[in-house]
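In what follows, a single structure is set out as structure tokens and then discussed.
The values are calculated or read from the model by the stated rules, or taken from the named source; none is laboratory data. Since the model is a prediction, treat every value here as computed from it, not as a measurement. Counting neighbours? That spans all protein chains shown, and the Cβs are built from the backbone with ideal geometry, glycine included. Just so you know, the surface numbers come from the protein's heavy atoms only, side chains and all, with ligands and any DNA or RNA stripped out. Shrake-Rupley method; radii C 1.70, N 1.55, O 1.52, S 1.80 Å.
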Amino acid sequence: MSQQEKEVVKGVVEWRINVVDDHDNYSSSSLLLLPSMVVACVWGAMVGFSMKVCKFVKKAWKMGLDDPRKFIHGLKVGVALSAVSLFYYMKPLYNGVGGNSMWAVMTVVVVFEHTAGATICKVINRICGTSLAGFLAIGVHWLASRAGEQWGPLIAGVSLFLLASAATFSRFIPIIKARFDYGCMVFILTFCLVSVSGYRVDKLMDLAQQRVSTVIIGTCLCIIVNMTVCPIWAGQELHLLVTNNLDKLANSLQGSVDQYFNNNQQEGVSDEDCRKKLIGYKCVLSSKATEETMANLARWEPAHGRFNFRHPWKQYVKIGASMRTYASCLDALIACINSHDQASDLIKKKLSSISVKLGSKSADVIREVTTTMRNMRKSSKVDMLVIEMNNAAQELRDLLNNSHSNNLLVIPQKPPTTEDDHQEVGPVVESNNMMMIPVMEIIQVVTVASLLIETVSRVEDIVKTVDELSRLAKFKEPKCVKAKQPSNNIIVDNKIYPTQQQNHHDDHHQEAAIDDNDNNNNNNKTLQMV
């Protein structure tokens, strides 16, 4: 082997030795770093989990601060469960209700709801369903026991099939689903438990009695706690929801019209608050299910606050329906305002004053109706505001109908300086130094104006439904300024006060008596002359 080949082999061997040494050093260093890497990963996971927990706690705390009643509801559920669990912990109470005392705890868990109406609805459904199912199960058991061992199981099985099928089918009926859906489910559960277990239990009457008693204990405790400790009424929640939605409709209408025609913004109001006001009407479009649910629950509640037992809660659903028709029209209006093809400021200016006036008058009508509902007092100004709104709508309608005579489609012609300037104006009709605006350039603003006119009829529907509510709920009469009763039978506001009517009636009799006396005197004088 030559010297050169020996040097090459020696170099290769040295390289392999170096590579093996480096690999061994890397492996040993990796083994040393592995525990620290595992600790770092575990620590990072713990820190990330802790940050998520802190973020969740902050959101929950903020939600509780925004609505403290949610905290109170949690405390009420804890109090009710602690109280009902005493029937299981204390031996005297446990001996009184037997081993079925756990059903009282389960009743509190499934019955206790956020609002008083929902709790009362579930309580009545549970009591009625449990009692009815218990009585029927006892009757079927008595009949099956009299039929003998051969026909008894058949009677029990057929009755279970028929009643369970009928109760399940009844849950699809709308009126039963809205009010008694939970009761039907409890009926099926109780009937199955009592009838099936009663076939092997000798003392079926005791089982049914303990089952009903534990349910009554749990439901009564739920009603007492829910209605005495900071109660939340579904009717009041529905009333606030409808009035707040009316305010949102008024703000969205007036804000969108002002922003489109005037391009102004209130001072001191942030862009985020302005945007929330403009899109507030969208809450109305998605509130149908909530309103119907609250109206159904409010019917179960007793009289509370300003609401009587027979308060017309169904009328709130009609008001919500009229509000949604208005909100759909408002949605089309705002969609047209935000379209890409914008009209020129010159064309907007010709319709701005009357359009802003109509938007303001419509918003004033809605706000006055909101005040009527919030105070539960009839308004003496709503009729005048509706008249002013209709007058403004008629002015805008006349302006659109007489667009040529009002120079809506005509603007002064500006002499083009160049050929390009003349082409920017578009195809126009020139006459007597005037030019006609193309229809495509005014179609947006005319659509906005026509939709604004359409909202007037929707506002009138809201006014009618609220007026019907004020009649059914017997709102208080509007406050009127007490004026001094005028003398000499002067009529104020085309009305005569009761005392004035009496004075007017007495004066009429006095005048009639004077005329009779004069006639009698004249007759006596005539007789004397004769």
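Please work out the FRET efficiency for the pair W142 and D181, using the Cβ-Cβ distance as r and a Förster radius of 41 Å; give the result to the nearest 0.05. If you can, show how the numbers build up before the last one.
Values: r = 30 Å, r/R0 = 0.72.
After rounding, the FRET efficiency stands at 0.90.
For segment 204-262 and segment 299-357, what is the centre-to-centre distance using only Cα atoms, to the nearest Å?
23 Å
Quick one: order F49, F307 from most to least accessible surface, probe 1.4 Å. Could the numbers behind the result be given before it?
Working: F49 135, F307 10 Å².
From most accessible down to least: F49, F307.
Which order do peptides 456-464, 118-126 fall in by mean Cβ count within 10 Å, highest first? Please list the in-between numbers first.
Numbers: 456-464: 18.7, 118-126: 22.8.
Per-residue Cβ counts within 10 Å, averaged per peptide and sorted highest first, yield 118-126, 456-464.
Could you work out how much longer the chain between S380 and L65 gets when fully extended? Use 0.36 nm per residue separation minus the Cα distance between them, nm to one decimal.
Values: separation 315, 0.36 × 315 = 113.40 nm, distance 3.88 nm.
Full extension from S380 to L65 adds 109.5 nm.
With a point put 7 Å past each Cα toward its Cβ, work out how far S344 is from I72 in nm, to one decimal.
Modelled inter-label distance: 6.1 nm.
Using label points projected 7 Å from each Cα along Cα→Cβ, tell me how many nm separate I443 and A335, to one decimal.
1.6 nm
Cβ neighbours within 10 Å, averaged per peptide: list 68-77, 366-375 in order, most packed at the top. Present the calculation step by step, with values, prior to reporting the outcome.
Values: 68-77: 14.8, 366-375: 20.0.
Order by mean packing, descending: 366-375, 68-77.
Local charge sum around G74 (other residues, Cβ-Cβ under 14 Å, Lys/Arg +1, Asp/Glu -1)? Show your work: numbers first, answer last.
Working: positive: R69, K70, K76; negative: D67, E113.
The answer is +1.
I'd like the Karplus ³J(HN,Hα) series for segment 236-248: coefficients 6.51, -1.76, 1.60, θ = phi - 60°, whole numbers in Hz, and an x wherever there's a Gly or Pro.
5, 5, 5, 4, 5, 4, 5, 5, 5, 5, 5, 4, 5
Can you pull the accessible area of C54 for me, 1.4 Å probe, Å² to the nearest 10?
Roll a 1.4 Å probe over it and C54 shows about 80 Å².
Would you mind classifying segment 143-223 by shape? Square roots of the alpha carbon gyration tensor eigenvalues, ordered a ≥ b ≥ c; an a/c under 1.5 is rounded, otherwise it is prolate if a/b is larger than b/c and oblate if not. Intermediate values should be presented prior to the final figure.
Values: a/c = 4.13, a/b = 1.28, b/c = 3.22.
Verdict is oblate for segment 143-223.
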